[in-house]
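Inspection log for the structure reproduced underneath, given as structure tokens.
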Amino acid sequence: MWFEGAARSLWRISGFRLTLLGVLVSLAGALLVFGIVHHAVEVGWRDQIDERVTAAQTDILGDIHRNHKGIAWNVQATLAEGSGLFYAALAPNGRWQAGNFHLSSAVASRWSGPKTLNRQPGLPLPPHVLAIRGTALRFSNGERLFIAADASALLTLKSLIAQSFLAVFGTILALGLLISLLAARGTLRRVDQFATTLHDIMEGDLSRRIPLRSSHDEFDRLAAEMNQMLQRLQELMENLRQVTNDISHDLRSPLARLREHLELSRARFTDPALAAVCDEAVAQLDQALGIFAAMLRLAEVESGARRAHFTLVDLSALLTLLAESYEPVLAEHGITFQANIAPALNVHGDRELLAQLFVNLLDNITLHAKGAANAALHAGMKSGWVELCIEDDGCGLPNGAQGRILQRFVRLDTARQRPGHGLGLPLAQAIVALHGGRLSLAEGKAGLTVRLTLPAA
Amino acid sequence: MRVLLIEDDPKAAANLRAGLAPEGHEVEVAVDGRAGLLAAAAGNFDVLIIDRMLPGLDGLGVLRTLRGAGVHTPALFLTALGGLDDRLDGLRAGGDDYMVKPYALAELSARLSALTRRARVPPPQVKLRVGDLELDRTTRTVWRAGQKIELKPREYEVLEYLLRHRGQVVTKTMLLEDVWGFHFTPQTSIVEAQISRLRAKIDQGFAAPLIHTYRGAGYKLDVV
């Protein structure tokens with residue numbers, strides 16, 4: 001349920017938990033204070049009432065001793081004087097004899113020591129009296145005398161205390177929850193600011209910084225430190241870019257000139273042996289320049305800056321084009337190629353890089369899948385992701401090579417006789433990561449299976 | 001062909017001049033952006049070759065200024081800047097083609113021919129012909145000597161590109177860039193594979209072949 005979910009995500013915020021804990025502690029404190037007050041008030045009032053009742057008891061017992069006129073007569077006499085208390089005299093058989101209140105025998109039998117009795121059936125009381133408190137006296141002849149005082153005030157006071165406690169409790173709880181929520185929202189906002197900024201930076205916008213408030217709180221301190229770190233990071237990336245540019249200019253230019261010289265020289269050679277040497281040199285140079293281009297491309301992809309230029313790419317069309325292009329080449333290698341591409345697969349990305357990704361993976365089959373007879377490309381949608389699978393039934397990878405093959409310049413052909421520069425898979429992986437996808441290698445029944453997922457547009 | 005080369009590196013300029021001379025191209029060199037701008041605006045050149053990193057005014061600025069001034073001489077960037085964005089920047093500045101150093105002479109030469117021809121030739125017609133081969137661009141059908149030839153989509157695209165450049169050398173890189181839209185070189189020879197399929201369909205069994213291979217350069221579609 002959304003409510004549970006919201007509560008759980010709220011609970012995860014430390015600010016909310018802390019504030020809520022504070023509220024609970026204050027509530028416990030309030031409860032304790034109210035308990036003490038309640039107890040003190042109750043005891044004070046009870047003692048006062050009990051004193052009045054005891055005094056009245058002593059008076060009436062003294063009178064009975066002196067005049068020997070019986071309990072009923074003395075009760076009537078006391079009432080005639082007007083004492084403000086409640087009296088009831090019962091005969092040994094439980095019959096009411098005298099007094100200003102009635103009580104049933106059931107109530108009478110339960111009434112022994114000092115006791116507070118609320119208005120109840122069997123204890124009719126005047127309308128303004130809510131409760132009485134008093135005691136029972138049993139005489140040797142079996143007669144009973146009940147003397148009690150009006151205890152309505154005690155009851156009213158108790159309910160007043162309870163009400164004010166509930167009001168205070170409710171206020172603290174409501175205010176506490178409100179403050180907790182505000183604190184949580186404040187914390188969440190700051191953390192969200194951090195997260196969005198960091199996300200933007202990961203997306204390739206290195207110039208972003210976490211906004212500071214002038215409050216100099218712990219978040220500001222953290223933000224300031226992180227901003228310094230980001231500044232440093234940006235400088236380092238800038239350096240890297242500069243170095244890359246320098247390399248591409250300073251190193252590529254002389255290599256380019258070398259290639260030009262070789263080509264110009266070759267045109268002058270009439271000796272076929274010399275021309276062959278020249279061709280070989282150019283081929284080697286092109287190989288070196290190819291590694292170079294792959295390295296620069298890898299650096300470019302890993303910087304993440306390409307994300308800023310992403311567009312909608314029709315992956316189905318691109319894959320169809322590639323399948324159509326590789327089918328004849330694979331056929332020349334004696335490999336039957338099958339493509340199973342679902343229509344309308346779209347991703348948000350860079351067409352050129354996505355093309356390079358699949359070209360690298362398909363190149364791997366023509367270059368490295370020794371003994372393969374079949375290869376296949378599957379592409380489909382699964383819950384918001386484009387799932388792709390490129391498989392062959394060739395020699396596969398030796399055990400434990402899956403992780404290593406994704407590293408740069410790693411070539412399983414240790415003699416380095418087959419073509420390749422060990423950058424194809426690392427570049428493929430970097431391109432997949434740039435697009436927010438995943439690439440994994442798995443050995444099929446035979447050969448190698450490359451699985452990859454890309455977020456669908 | 002009169003070529004203006006805007007390049008600050010004298011050695012690279014000399015090599016390029018020497019390389020293009022045998023093709024009969026006349027190369028004039030400007031050593032910085034400002035000189036290049038003046039020469040291009042004043043002289044009557046068939047094509048411009050512009051380096052991007054130049055002292056003073058850079059290559060992009062030179063071409064932007066020229067295009068702004070209404071100079072529409074075809075221009076090719078020849079530069080060490082080979083990033084994905086660099087190419088886009090070059091084309092946006094008004095470049096007609098973009099080549100990353102190092103370059104192969106044959107490639108450069110083929111592209112220069114394509115550029116200068118593109119400037120002269122009217123937009124392609126509905127029906128393209130070479131010898132007894134005919135391609136209809138509206139129905140996407142191909143006929144040779146009255147015989148209909150079934151082509152797969154990619155084979156058709158390659159053939160149409162060759163026909164539009166008939167009599168010209170078309171390099172593998174040009175095909176990769178213009179037909180496939182790839183600005184990198186796959187390690188697998190996908191272009192050769194399409195060409196050989198295409199050959200099997202349009203040349204095999206006919207008297208004279210139309211697709212000719214130029215070793216180290218590319219292909220040409222023509223009647224010899």
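The values are calculated or read from the model by the stated rules, or taken from the named source; none is laboratory data. Please read these numbers as outputs of a predicted model, since none were measured by experiment. When we count neighbours, we look across all protein chains shown, and the Cβ atoms used for this are built from the backbone with ideal geometry, even at glycine.
Which residues, counting only those in region A:338-359, are surrounded by 22 or more Cβ atoms within 10 Å (Cβ to Cβ) and within 14 Å of chain B (Cβ to nearest Cβ)?
Result: A:Gly349, A:Leu353, A:Ala355, A:Gln356, A:Leu357, A:Phe358, A:Val359.
Give me a count of the residues in region B:8-30 that are part of a loop (DSSP other than H, G, I, E, B) and at the interface with another protein chain (Cβ under 10 Å from one of its Cβ atoms).
Selection size over region B:8-30: 1.
Please verify whether A:Gly15 is surrounded by fewer than 15 Cβ atoms within 10 Å (Cβ to Cβ) and small (Gly, Ala, Ser), treating the condition exactly as stated. It would help to see each step written out before you state the result.
Working: surrounded by fewer than 15 Cβ atoms within 10 Å (Cβ to Cβ): no; small (Gly, Ala, Ser): yes.
Against the criterion (surrounded by fewer than 15 Cβ atoms within 10 Å (Cβ to Cβ) and small (Gly, Ala, Ser)), A:Gly15 does not qualify.
Please state which of the following conditions A:Leu427 fails to meet, knowing it meets all the rest: (1) modelled with pLDDT under 85; (2) closer than 24 Å to A:Gln284 by Cα.
(1) is the only condition that A:Leu427 fails.
Applying the selection to region A:42-78, what residues are of a type in the set (Val, Ile, Thr) and touching a Leu at 6+ places or on another chain (Cβ under 6 Å)? Give the steps one after another, and end with the answer.
The first filter runs over region A:42-78 and keeps only residues of a type in the set (Val, Ile, Thr), leaving A:43, A:49, A:53-54, A:58, A:60, A:64, A:71, A:75, A:78.
Matches in region A:42-78: A:Ile71 only.
Identify, from the list B:Val142, B:Val169, B:Val126, B:Val130, the residue that is closer than 30 Å to A:Gly290 by Cβ and either touching a Phe, Trp or Tyr at 6+ places or on another chain (Cβ under 6 Å) or of a type in the set (A, V, I, L, M) (or both). Lay out the reasoning, then the answer.
Values: B:Val142 fails: closer than 30 Å to A:Gly290 by Cβ; B:Val126 fails: closer than 30 Å to A:Gly290 by Cβ; B:Val130 fails: closer than 30 Å to A:Gly290 by Cβ.
Testing whether each residue is closer than 30 Å to A:Gly290 by Cβ and either touching a Phe, Trp or Tyr at 6+ places or on another chain (Cβ under 6 Å) or of a type in the set (A, V, I, L, M) (or both) leaves just B:Val169.
Which members of region A:219-277 meet the condition of being of a type in the set (Asp, Glu), more than 13 Å from chain B (Cβ to nearest Cβ) and more than 30 Å from A:Met202 (Cα to Cα)? Explain how you work it out, then say what you get.
So the first thing to find is which residues in region A:219-277 are of a type in the set (Asp, Glu), and the list is A:220, A:225, A:235, A:238, A:246, A:250, A:260, A:263, A:271.
This time we only want the ones that are more than 13 Å from chain B (Cβ to nearest Cβ), so: A:220, A:225, A:235, A:238, A:271.
Hit for region A:219-277 is A:Asp271, nothing else.
Can you find, within region A:279-300, the residue that is surrounded by the fewest Cβ atoms within 10 Å (Cβ to Cβ) among those that are within 11 Å of chain B (Cβ to nearest Cβ) and modelled with pLDDT of 85 or more?
So the first thing to find is which residues in region A:279-300 are within 11 Å of chain B (Cβ to nearest Cβ), and the list is A:279, A:282-283, A:285-290, A:292-294, A:296-297, A:299-300.
If we keep only those that are modelled with pLDDT of 85 or more as well, we get A:279, A:282-283, A:285-286.
On the way: A:Asp279: 15, A:Val282: 18, A:Ala283: 9, A:Leu285: 16, A:Asp286: 16.
Looking at the filtered set, the residue picked out is A:Ala283.
Residues of region B:162-192 being surrounded by 20 or more Cβ atoms within 10 Å (Cβ to Cβ), more than 10 Å from chain A (Cβ to nearest Cβ), part of a helix (DSSP H, G or I) and out of contact with any Leu (no Cβ under 7 Å at 6 or more places or on another chain), which ones?
Within region B:162-192, B:Thr173, B:Met174, B:Leu175 meet the criteria.
From (1) among the β-branched types (Val, Ile, Thr); (2) at pLDDT below 85; (3) under 30 Å from A:Leu377 (Cα atoms), pick out the condition that doesn't hold for A:Val243.
All conditions are met except number (3).
Inside region B:31-150, counting only strands (runs of 3 or more DSSP E) that do not spill past its ends, which hold 1 or more residues that are under 23 Å from the mean Cα position of the chain (by Cα) and among the hydroxyl-bearing types (Ser, Thr, Tyr)? It would help to see each step written out before you state the result.
Numbers: elements: B:47-50, B:75-79, B:97-100, B:127-130, B:133-136, B:141-144, B:147-149.
Output list reads B:75-79, B:97-100.
The conditions are (1) at pLDDT below 70; (2) more than 14 Å from chain B (Cβ to nearest Cβ), and A:Ala442 fails exactly one of them. Which is it?
(1)
Among the numbered criteria (1) modelled with pLDDT under 80; (2) of a type in the set (D, E, K, R); (3) over 38 Å from the mean Cα position of the chain (by Cα), which one does A:Arg12 miss?
A:Arg12 satisfies all of (1) modelled with pLDDT under 80; (2) of a type in the set (D, E, K, R); (3) over 38 Å from the mean Cα position of the chain (by Cα) except (3).
Scan region B:39-65 for residues that are at pLDDT 90 or above and either farther than 20 Å from B:Gly90 by Cβ or polar (S, T, N, Q) (or both) and jot them down.
Passing the criteria: only B:Thr65.
Of the conditions (1) surrounded by 17 or more Cβ atoms within 10 Å (Cβ to Cβ); (2) away from every other protein chain (no Cβ under 11 Å); (3) modelled with pLDDT of 90 or more; (4) part of a helix (DSSP H, G or I), A:Leu321 satisfies every one except a single condition; which number is it?
Answer for A:Leu321: the failing condition is (2).
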